[in-house]
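S.K.: Pasting a structure here, questions to come.
Each reported figure results from applying straightforward, stated rules to the coordinates on display, with no laboratory input. Since the structure is predicted, the reported quantities are computational estimates derived from the model, not experimental observations. Here the Cβ positions follow ideal geometry from the backbone for every residue, glycine too, while neighbour counts run over all protein chains shown.
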């Protein structure tokens, strides 16, 4: 069975500061990894994904994440945040094969609040 | 990018009634999913809905409470039956094309009085 742990439930940060949202996962098989963002009263929007290849992946809105297999982590970073980045961020994992192929397991979410 | 439409976007229902949520995607897809997001919580998978077969439910979810239909490759419905206040949640559908990520609709915000 898979699990995802987002280490911070809330992250306050000032505008134009860098931010890192931490995500660790556990799985006995190869995985795909994702970050989604949820703005108030909206569904989930895909920020970025890791399927294979380069461990540093770039997504929309200036976000990037690095897959670290040895540490089973997939932390999300942005060098300079904007007020509009205020939202809840979810890390998610799915098996790259097997009977659970395609199913997503989500972390508990991190609320990012950007202050002026 | 994929377009996934859910209806209704929100509803307020009386306890003991049922509500059917519709999910329409703009291109054919094999795998569709239904999730529940309880207030202040993360997403929990209710079931996987594949066309031409019965939905596969996750532990803690049963067909009598959450019947699902998948009549074709672009449409699915989730019914929340015999609702109680504990069913107040956001219900989201998603779809997955190939080995990539799932794409989500905007969700249905359901309140039970």
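S.K.: Just to be sure I understand, how many residues within segment A:52-71 are more than 22 Å from residue A:12 (Cα to Cα) and surrounded by fewer than 17 Cβ atoms within 10 Å (Cβ to Cβ)? It would help to see each step written out before you state the result.
M.R.: Taking segment A:52-71 and keeping what is more than 22 Å from residue A:12 (Cα to Cα), we get A:52-58, A:67-71.
Subset that is surrounded by fewer than 17 Cβ atoms within 10 Å (Cβ to Cβ): A:52-56, A:58, A:68-71.
Total meeting the criteria: 10.
S.K.: Give just the number: which of (1) touching a strand residue (DSSP E or B) at 6+ places or on another chain (Cβ under 8 Å); (2) within 14 Å of another protein chain (Cβ to nearest Cβ); (3) not in a strand (DSSP E or B) does residue A:89 not satisfy?
M.R.: That leaves (3) as the condition not met.
S.K.: From the list A:54, A:73, pick out the single residue that is more than 10 Å from chain B (Cβ to nearest Cβ) and without any contact (Cβ under 8 Å) to a residue 12 or more places away in the chain.
M.R.: A:54
S.K.: In segment A:92-116, what count of residues is obtained for those that are over 22 Å from residue B:56 (Cα atoms) and in a strand (DSSP E or B)?
M.R.: 6
S.K.: I'd like the full set of residues that are part of a strand (DSSP E or B) and touching a strand residue (DSSP E or B) at 6+ places or on another chain (Cβ under 7 Å), limited to segment A:63-86. Show your work before the answer.
M.R.: Let us first name the residues in segment A:63-86 that are part of a strand (DSSP E or B), namely A:64-68, A:73-78.
The answer is A:64, A:65, A:66, A:67, A:73, A:74, A:75, A:76, A:77, A:78.
S.K.: Only one of A:111, A:83 is surrounded by fewer than 19 Cβ atoms within 10 Å (Cβ to Cβ), in contact (Cβ under 8 Å) with a residue 40 or more places away in the chain and within 14 Å of chain B (Cβ to nearest Cβ). Can you tell me which? Even if it seems obvious, please write down each step before you answer.
M.R.: Numbers: A:83 fails: within 14 Å of chain B (Cβ to nearest Cβ).
Result of the check over A:111, A:83: A:111.
S.K.: Return the residue satisfying two criteria in turn: it lies in segment B:63-97 and is within 14 Å of the chain's Cα centre (by Cα), away from every other protein chain (no Cβ under 13 Å) and touching a residue at least 60 places away in the same chain (Cβ under 8 Å), and of such residues it is surrounded by the fewest Cβ atoms within 10 Å (Cβ to Cβ).
M.R.: Filtering segment B:63-97 for residues that are within 14 Å of the chain's Cα centre (by Cα), away from every other protein chain (no Cβ under 13 Å) and touching a residue at least 60 places away in the same chain (Cβ under 8 Å), the one surrounded by the fewest Cβ atoms within 10 Å (Cβ to Cβ) comes out as B:79.
S.K.: From the list B:100, B:60, which residue is closer than 24 Å to residue A:42 by Cα, part of a loop (DSSP other than H, G, I, E, B) and without any contact (Cβ under 8 Å) to a residue 60 or more places away in the chain? Reasoning before the result, please.
M.R.: On the way: B:60 fails: closer than 24 Å to residue A:42 by Cα.
Unique residue meeting the criteria: B:100.
S.K.: Looking at segment A:24-44, which of its residues are under 21 Å from residue A:73 (Cα atoms) and more than 9 Å from chain B (Cβ to nearest Cβ)?
M.R.: A:24, A:25, A:26, A:27, A:28, A:29, A:30, A:31, A:33, A:35, A:37
S.K.: Filter segment B:24-54 down to residues that are away from chain A (no Cβ under 11 Å) and assigned to a strand (DSSP E or B) and give me whichever is farthest from residue B:108 (Cα to Cα).
M.R.: B:49
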